[in-house]
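Quick notes on the structure that follows.
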Amino acid sequence: MSHAIRDHVRKILLARAADNEAEAAKIQEIEAAGGRIITGGQIDKDEWEILDWRTEERLAHGHNGLDGYAEACLRLDPEGRWHHIDPLTEEIGLTEPSLTDGVPLSLAEALLNWVESLSTPDEEIAEIAGWDVAEVARCLGYEDD
């Protein structure tokens, strides 16, 4: 295996670790200020739910479409202290790994997709990176799963 490929996979893993750390810091900042992280949203055309991101407790559920979802958010969070988890990634921005000498752009993109695919076993990524599986899982942000 090429050292360039190994190095690029490591760059991808380190970029994801940096993203996870930035997201964790943002979540900590929001919660320290009294905010709550939520998840959920539209399930289908009419059905929706709002969940506490940490506990997965269902805070609200309905079958009255996007308007009902918006009304529930306003009713349950009149001070606007809830933050949906999804936009946090956009707000923080993803770290793009720099190109690696010897790895063409198309291969770099394929490696990024391969590393980030949920169907790629950590063991395979670890083998290419030359790292242990626990370090790969830590970088990808799901060592506790």
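The values are calculated or read from the model by the stated rules, or taken from the named source; none is laboratory data. A quick note: this is a predicted structure, and the numbers were derived from the prediction, not measured. So basically every Cβ, Gly included, is an ideal-geometry build from the backbone, and we count neighbours across all protein chains shown. Just so you know, the surface numbers come from the protein's heavy atoms only, side chains and all, with ligands and any DNA or RNA stripped out. Shrake-Rupley method; radii C 1.70, N 1.55, O 1.52, S 1.80 Å.
Residue check: LEU94 meets all listed conditions (1) hydrophobic (A, V, I, L, M, F, W, C); (2) surrounded by 16 or more Cβ atoms within 10 Å (Cβ to Cβ); (3) in contact (Cβ under 8 Å) with a residue 60 or more places away in the chain but one, namely (2). Only one entry in ALA22, ALA4 is out of contact with any helix residue (DSSP H, G or I) (no Cβ under 8 Å at 6 or more places or on another chain), among the aliphatic types (A, V, I, L, M), under 30 Å from VAL103 (Cα atoms) and in contact (Cβ under 8 Å) with a residue 60 or more places away in the chain, namely ALA4. Residues in region 108-129 that are touching a residue at least 60 places away in the same chain (Cβ under 8 Å) and open to solvent by 60 Å² or more (accessible area, probe 1.4 Å): GLU116 only.
Residues in region 1-42 that are β-branched (Val, Ile, Thr), within 30 Å of GLU109 (Cα to Cα) and open to solvent by less than 20 Å² (accessible area, probe 1.4 Å): VAL9, ILE12, ILE27. When the residues of region 69-88 are filtered to those that are part of a loop (DSSP other than H, G, I, E, B) and in contact with a strand residue (DSSP E or B) (Cβ under 9 Å, 6 or more places away or on another chain), the one that is nearest to GLU49 (Cα to Cα) is ASP77. Among the residues of region 57-73, those that are under 14 Å from ILE38 (Cα atoms) and either surrounded by 14 or more Cβ atoms within 10 Å (Cβ to Cβ) or at pLDDT 95 or above (or both) comprise GLU57, ARG58, LEU59, ALA60, HIS61, TYR69, ALA72, CYS73. In region 74-91, the qualifying residues are those that are among the aliphatic types (A, V, I, L, M) and out of contact with any Ser or Thr (no Cβ under 7 Å at 6 or more places or on another chain), and the one that is surrounded by the fewest Cβ atoms within 10 Å (Cβ to Cβ) is LEU74.
Residues of region 97-139 that are farther than 21 Å from SER2 by Cβ and at pLDDT below 95: LEU118 alone.
Under 8 Å by Cβ, and 6 or more places apart or on different chains, what pairs join a residue from region 32-60 that is free of Cβ contacts under 8 Å to residues at least 40 places away in the same chain with one that is acidic (Asp, Glu) and open to solvent by 80 Å² or more (accessible area, probe 1.4 Å)? These pairs meet every condition: LEU51/GLU57. Condition check for ILE50 on (1) out of contact with any Cys (no Cβ under 8 Å at 6 or more places or on another chain); (2) open to solvent by less than 70 Å² (accessible area, probe 1.4 Å): one failure, at (1).
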